[in-house]
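**Q** Submitted below is the structure of interest, expressed as structure tokens.
The values are calculated or read from the model by the stated rules, or taken from the named source; none is laboratory data. Everything numeric in this text was worked out from a predicted model, so none of it was measured. Quick reminder, even Gly has a Cβ in these numbers, built from the backbone with ideal geometry, and neighbours come from all protein chains shown. Protein only, heavy atoms only, side chains kept; ligands, DNA and RNA dropped before computing areas. Shrake-Rupley method; radii C 1.70, N 1.55, O 1.52, S 1.80 Å.
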Amino acid sequence: MAEETIFSKIIRKEIPAQILYQDELVTAFRDINPKAPTHILIVPNTLIPTVNDVEPEHELALGRLFTVARKLAADAGIAEDGYRLIMNCNRHGGQEVYHIHMHLVGGKSLGPLLCC
Ligand code: AMP
């Protein structure tokens with residue numbers, strides 16, 4: 001059984017966060033340490049620690065991440081200019097919170113994919 005993270009508490013509204021969207025499958029909230037004018041995290045409500053733990057039964061929730069990203073990008077007015085969707089996996093991927101999440105980052109030109 002994977003250990004819960006702070007994101008489970010946000011999903012259950014046990015700790016504060018700026019929640020922008022929630023349904024039965026996913027929750028989206030503003031990143032506490034934004035790297036761009038728009039920086040939103042979209043997470044499945046069920047705990048999946050990393051991309052390495054993804055199973056076919058998760059496909060519905062993980063697909064929902066994209067439809068919600070599309071909606072939130074439109075709501076933020078960044079759809080036409082563009083944005084970046086990021087999922088980090090484990091240590092080399094720079095993952096800090098072990099509850100799978102999609103970063104929706106935009107509102108400025110983000111430059112090349114990787115900075116090292
Ligand atoms: P990652 O490095 O992909 O695991 O990203 C984790 C992200 O979660 C970072 O961008 C953090 O700023 C963000 N984060 C951590 N704690 C919170 C929180 N309580 N509310 C909102 N975002 C958070």
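**Q** Which of ILE6, THR50, SER109 sits closest to the plus end of the dipole of the chain, meaning its Cα is farthest towards the positive end, when Lys and Arg get +1 and Asp and Glu get -1 on the C-beta?
**A** Towards the positive end, the residue furthest out is SER109.
**Q** For region 6-106, what does the accessible surface come to per residue with a 1.4 Å probe? Please give it in Å². Show your work: numbers first, answer last.
**A** Values: 5810 Å² over 101 residues.
Per residue, region 6-106 has 58 Å² of solvent-accessible surface.
**Q** So what is Rg over Rh here for region 6-106, counting just Cα atoms and using Kirkwood for Rh?
**A** On the way: Rg = 12.8 Å, Rh = 13.7 Å.
With Rg and the Kirkwood Rh in hand, the quotient comes to 0.93.
**Q** Compute the acute angle (0 to 90°) between the alpha-carbon long axis of helix 59-76 and the principal axis of greatest extent of the alpha-carbon atoms of the chain; round to the nearest 10°.
**A** 30 degrees
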